[in-house]
Amino acid sequence: MPELPEVEVSRLGITPWLKDQTITRVIVRDKRLRWPVPQEVQLASGQVIKQIHRRAKYLLIETDLGSIVMHLGMSGKLRVIDANYPVAKHDHIDIVLASGKCLRFNDPRRFGACLWQPVGDTLPLLTKLGPEPLTEAFNSDHLVALAKGRKSPIKSFIMDNAVVVGVGNIYANEALFLAGIDPRRAAGRVSVKRLEVLTQAIKAVLAKAIEQGGTTLKDFAQSDGNPGYFAQQLQVYGRAGDECLQCDTPIKSVVIGQRNTFYCPSCQR
Ligand SMILES: [Zn+2]
């Protein structure tokens with residue numbers, strides 16, 4: 001599943017091809033995505049793309065009338081290709097540009113989304129989101145205030161979009177290892193000092209993943225472009241039974257909130 005770094009790298013990859021371009025057509029071949037693609041996305045036809053924003057894992061293609069809001073879901077991919085490039089299976093949406101290129105959305109599992117947000121309006125699904133992890137709005141004061149009295153495991157807490165957006169399973173595991181915090185510990189029982197360390201760890205793992213994804217930027221404009229997951233050096237995620245890279249203790253795995261969780265029983269307390 002694309003996580004925040006993959007979505008941010010998608011934004012960086014497609015922006016040079018889309019910004020300041022006029023949208024000539026929006027082709028919807030199959031509107032049965034996670035939610036039905038609304039007719040309103042056609043309002044973008046004839047509009048100039050001002051900017052591509054990201055909020056959590058949503059991409060907002062902004063015009064004067066409103067924004068096309070896209071989500072990659074479980075298996076969605078965006079590519080910039082020639083508009084007349086042959087259509088393949090699962091190519092559900094084309095945003096055709098005056099340049100002759102198009103932004104093509106392919107999504108085999110159709111958990112992705114393509115919605116319309118009128119200018120001056122905010123879609124309900126975007127209103128209850130916590131701060132972006134890589135902005136100053138996400139800081140230790142914020143995390144400390146929300147953690148107070150919380151009994152839920154710290155891992156579930158940092159994966160809660162109302163607390164901070166975009167900390168998916170891989171990055172929650174990695175950030176907790178970096179901060180030396182047992183993922184099962186109740187959020188309200190983690191000291192202020194350790195929450196400060198965790199705040200920085202979350203920012204660090206996400207920033208590093210985005211930086212590594214930078215090598216895939218050119219792939220967004222290739223017909224066979226498939227940036228997929230970035231080659232990452234994961235410390236604990238997916239390493240159950242392997243030795244901890246810090247202390248050689250075997251990495252353990254447990255399920256927390258229905259998500260696979262990996263930790264070092266020696267390094268994380
Ligand atoms: Zn260890």
Check your understanding: Quick one: what pairs do we get from the range 238-260, first residue on the phi < 0 side of the Ramachandran plot and among the acidic types (Asp, Glu), second assigned to a strand (DSSP E or B) and within 14 Å of the ligand (Cβ to nearest atom), C-beta under 6 Å, 6+ apart or different chains?
Key -> none
Revision key, fill the gap. Out of (1) touching a Pro at 6+ places or on another chain (Cβ under 6 Å); (2) modelled with pLDDT of 95 or more; (3) not aliphatic (A, V, I, L, M), the one SER75 does not meet is (2)
Review point. Is it the case that some residue within the range 115-128 is in contact (Cβ under 8 Å) with a residue 40 or more places away in the chain and closer than 18 Å to PHE220 by Cα?
Key: no
Review point. What helices (runs of 4 or more DSSP H) lie completely within the range 139-254 and have 2 or more residues being touching a Lys or Arg at 6+ places or on another chain (Cβ under 6 Å) and of a type in the set (Asp, Glu)?
Key: none
Review point. Do you know which of the residues in the range 83-106 that are free of Cβ contacts under 8 Å to residues at least 40 places away in the same chain and among the charged types (D, E, K, R) is surrounded by the most Cβ atoms within 10 Å (Cβ to Cβ)?
Key: ARG104
Review point. If you take the residues in the range 236-256 that are surrounded by 12 or more Cβ atoms within 10 Å (Cβ to Cβ) and of a type in the set (A, V, I, L, M, F, W, C), which one is nearest to the ligand (Cβ to nearest atom)?
Key: CYS244
Review point. So which residues in the range 45-67 are hydroxyl-bearing (Ser, Thr, Tyr) and assigned to a loop (DSSP other than H, G, I, E, B), if there are any at all?
Key: SER45, THR63
Exercise for review: Kindly provide the set of residues from the range 150-161 that are open to solvent by less than 60 Å² (accessible area, probe 1.4 Å) and either free of Cβ contacts under 8 Å to residues at least 12 places away in the same chain or more than 15 Å from the chain's Cα centre (by Cα) (or both), ordered by number.
Suggested key: SER152, PRO153, ILE154, LYS155, SER156, PHE157
Practice item. Only residues that are open to solvent by 80 Å² or more (accessible area, probe 1.4 Å) and within 18 Å of the chain's Cα centre (by Cα): list them for the range 185-219, please. Key: LYS208, GLU211, THR215
Study note, to complete from the structure: Per the list (1) open to solvent by 20 Å² or more (accessible area, probe 1.4 Å); (2) in contact with a Phe, Trp or Tyr (Cβ under 9 Å, 6 or more places away or on another chain); (3) outside the structural domain of PHE220 (by TED's automatic domain parsing), residue check on CYS114 breaks on (1)
Check your understanding: Within the group GLN21, GLN39, GLN47, which residue is open to solvent by 30 Å² or more (accessible area, probe 1.4 Å), free of Cβ contacts under 8 Å to residues at least 12 places away in the same chain and more than 30 Å from TYR171 (Cα to Cα)?
Key -> GLN39
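The values are calculated or read from the model by the stated rules, or taken from the named source; none is laboratory data. Just so you know, these numbers come straight off a predicted model, no measurement behind them. Glycine gets a Cβ as well: all are built from the backbone with ideal geometry, and neighbour counts include every protein chain shown. The area values use the complete protein model at the heavy-atom level, side chains included, leaving out ligands, DNA and RNA. Shrake-Rupley method; radii C 1.70, N 1.55, O 1.52, S 1.80 Å.
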